[in-house]
Structures are given as C-alpha cells and as structure tokens.
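K.L.:
Just dropping this structure here.
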Amino acid sequence: MKIRLADPDQDAAACAAIYLPFVTDSATSFDEEPPTPASFADKIKHLSETYPFLVATEDDEVLGYAYASEYRARVAYRWSAEVSVYIHADHRGRGVGKRLYEVLLELMTKQGFRVAVAAITVPNDASISLHQRCGFEPVGVFKAIGFKLGEWRDVAFLELQLGGSEPPGAAPGPPALLVDEQ
C-alpha cells in the first residue's frame, strides 16, 4: 500500500465513488447530495492549499482517503483541524484507515497543527475504534444535532493533541513541502 498526496485530476473520481455510499446509504456523512468528480477535484485543490489530503493506493487503485480541513473559521482556531477518513467497502478492516491517519497526523504535526478533531455520527463503532487506536480521546456528544435518513442523529467529538505548547507562527505551512511518499 502506498500513501501519497491526492491529485485532483487523477483521484477525484475514485474518491467521489468511495464517498457516494456514505452520503446516499448512511448517516455517516451529513451531506445529502453526493459530490461529482469535478466538485471533488475542487475540494482536493482547495483543501490541499493548507491541509494534507491523502490517498491510499495499491496497484493504482484508490483504497481510501483521509484529509484535514478547517475546524472553525475564526482565526484563533487556525492551529486546529478537523480530520476525516473514508475507506472503500472492499478494503475496510485491512489497516488502510489507520495507515492513512498515521501519515496525515504526522504531516499535520510537522505543519504545526496542535489539535486534530474528529466528528463522528454515532453509533459508528468501527470509526470510534479506529480513532481511539490512533490516539483520539472522546470529548463529548452533540445530541440530535443533525437530521438524516428520517432520524435525528448524535455526533461524537474526539480530539488528539498533536504537539507543542509554544505559541505558533503566523499559520501552518503548506503540506506539499513536507511529503515523502510513504
């Protein structure tokens, strides 16, 4: 398995296909319309300006992806990021998500991010377990915060402290400068 930065032109269609059932068939994602490959390419391009967006591949097939994104818009939160991981159904339970997160969190730490936040629609034992194996700790649950597939849904929040207590510089550096293919 190879972990690398996502290429919008090469990976968007595969990432959109992986994400599709999370939108249409489950409450895992609160999106109600699946993204097109073009809109997913735009997402990769936009997020990659500041945050790591990674894919796991094997024999040129995208097995899954993980990325960081803005946690909140206010400037004081710029050293925190929300993280997400999505794995193709055929490749779950093989360590793909854990490996993606290992690389993602290492890059975020090198960039100077201090806290990674995960928001997980519950129940979702597999995702909670993955995050806890990666060092995340539960910090709370928002009750009935989203309505999807005919039901009110709870969302659990988990956090991982990434590093240093020294005041940071102006902003995190671009992820592309830090990556060696894994």
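The values are calculated or read from the model by the stated rules, or taken from the named source; none is laboratory data. From a predicted model like this one, the values you see are computed outputs, not experimental measurements. Here the Cβ is made from the backbone with ideal geometry for all residues, glycine too, and neighbour counts use every protein chain on show.
K.L.:
Say whether the condition of being among the small types (Gly, Ala, Ser), under 11 Å from the mean Cα position of the chain (by Cα) and part of a helix (DSSP H, G or I) is met by at least one residue in the stretch 91-98. Spell out the reasoning first.
P.N.:
Filtering the stretch 91-98 for residues among the small types (Gly, Ala, Ser) gives 93, 95, 97.
Keeping just the survivors that are under 11 Å from the mean Cα position of the chain (by Cα) gives 97.
Still in the running and part of a helix (DSSP H, G or I): 97.
Looking through the stretch 91-98, at least one residue is among the small types (Gly, Ala, Ser), under 11 Å from the mean Cα position of the chain (by Cα) and part of a helix (DSSP H, G or I).
K.L.:
Quick check on TYR51: is it touching a helix residue (DSSP H, G or I) at 6+ places or on another chain (Cβ under 9 Å), surrounded by 15 or more Cβ atoms within 10 Å (Cβ to Cβ) and not in a helix (DSSP H, G or I)?
P.N.:
In short, yes.
K.L.:
Further question: For residues in the stretch 43-88 being of a type in the set (D, E, K, R) and within 16 Å of the chain's Cα centre (by Cα), which is modelled with the lowest pLDDT?
P.N.:
Taking the candidates together, the pick is GLU49.
K.L.:
If you take the residues of the stretch 90-143 that are out of contact with any Leu (no Cβ under 7 Å at 6 or more places or on another chain) and aromatic (Phe, Trp, Tyr), which of them is nearest to ALA17 (Cα to Cα)?
P.N.:
TYR101
K.L.:
Output the residues belonging to the stretch 6-47 that are of a type in the set (A, V, I, L, M), outside any loop (DSSP other than H, G, I, E, B), in contact (Cβ under 8 Å) with a residue 24 or more places away in the chain and farther than 20 Å from ARG94 by Cα.
P.N.:
ALA12, ALA13, ALA16, ALA38, ALA41, ILE44
K.L.:
Follow-up. Give the number of residues within the stretch 89-102 that are within 14 Å of LEU160 (Cα to Cα) and either at pLDDT below 95 or crowded, with 20+ Cβ neighbours inside 10 Å (or both).
P.N.:
1
K.L.:
A further question follows. Here's a check for you: in the stretch 104-145, which residue that is among the small types (Gly, Ala, Ser) and closer than 30 Å to LEU5 by Cβ is surrounded by the most Cβ atoms within 10 Å (Cβ to Cβ)?
P.N.:
ALA116
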